[in-house]
1. Order of 87-95, 176-184 by packing, highest average Cβ count within 10 Å first?
2. Between the DSSP loop rule and a limit of at most 16 other Cβ atoms within 10 Å, which GluC sites (Glu not before Pro) in the stretch 1-81 are left?
3. Can you give me the convex hull volume of the Cα atoms of the stretch 146-304, divided per residue and expressed in Å³?
4. If neighbour count is taken as other Cβ atoms inside 10 Å, put Trp237, Trp98 in order from fewest to most.
5. Rounded to the nearest 5, what is the percent of antiparallel bridges among the DSSP beta bridges in the chain?
6. With the cut-off at 1.5 for a/c, could you classify the stretch 1-98 from its C-alpha gyration tensor as rounded, prolate or oblate?
7. Using only DSSP helix segments of four residues or longer, with each worth -39500 (n - 2.57), what per-residue ellipticity at 222 nm results for the chain after dividing by its residue count and rounding to 500?
8. Hey, what's the Kirkwood Rh for the chain if you take every pair of different alpha carbons, in angstrom?
Amino acid sequence: MPKKNRTLQRLRRRLVYWGARLAQALVLLLPFDAAITLGGWLGRLAFAVLRRQRGMTLEHLAIAFGQEKKEAERRDIARQVFINAGRDAAEIMLFPRWSDEQLRQRIRFDNPEPIVQASRSGNGLVILGGHFGNWELLGAYGVRILGMNAGVIARRLSNPHLDHLINGYRRNVGLKVFLRGEPVRGFFRHLTRGGTLAILNDQDVRKIDGIFVDFFGRPAHTPTGPAELILRSGAVWFLAVMKRSDDGRRHELLCQGPLPIPEGEDHAARVRCLTEEYVRRLEDIIRRYPDQWMWMHNRWEKRSQQ
């Protein structure tokens, strides 16, 4: 890249970062509910003005629900996706103010015993989630309320300033952050020593090994790393997501597990079976609450290039 373009890129990244910090400073002046409401209205505005992202969301909803839901209904879902994304952003900006009391008041978890016992068993625990609801709150709740020794595998953001900011929030709540591309021994050691590891595995990530698994009736390229990790480490695994309430201000932690570990001598078949089980269970949740998943991402992109 020419030096001039690199300079412009660095300038843009700094402007985005300082714009985000300014927005955060304003949000932190507001009461919690007012900040979340503002985030929702900004999400509604984004749906109106971001034509490309709106178009991608509607296109992907048509792929998933074209035979089940009318166009007007899919458009309502798409608008709500943006509204919820705005609320998520506001809550992330409020991270410096999320006390244990706030987490307990705003997040309902009806049956924590199975996952808490698994996290304390010493065998290692893998929590597979998705870009559903406010996934950042999962880590905070797990560490500060459930007392987990938890880490996350995170993608490095292209903007290093935002990357430092977001991962700083994660570390401040007590999470260990393992970045993709770093040596696997770090998070593997954490897991085999009885730690908990959370992974979002519902996107087609470039340059990561995977297999095609049916997702809403179409083959979707899905990373197999989490299944490999579970099988090779002997960890137990759960599926967990954070569902936003109808009023937009609270959450319910939906958790399934411990989930079955495929048996047999064919390792590749076991990896496929576990990956398919994860995708099937996540799809069932998304079907029930389609406005809470990030439909902007092209889940079927790699398929379309073949």
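Values quoted throughout were computed directly from the atomic coordinates according to the rules given, and no laboratory measurement underlies them. Only a predicted model underlies this, so the values are computations on that prediction, with no experimental measurement involved. Here the Cβ is made from the backbone with ideal geometry for all residues, glycine too, and neighbour counts use every protein chain on show.
1. With the highest mean Cβ count within 10 Å placed first, the list reads 87-95, 176-184.
2. Filter output for the stretch 1-81: Glu68.
3. 145 Å³
4. Trp98, Trp237
5. 40 percent
6. Verdict is oblate for the stretch 1-98.
7. Helices in the chain give a 222 nm mean residue ellipticity of -16500 deg cm²/dmol.
8. Averaging 1/r across every pair of different Cα atoms and inverting gives 20.4 Å.
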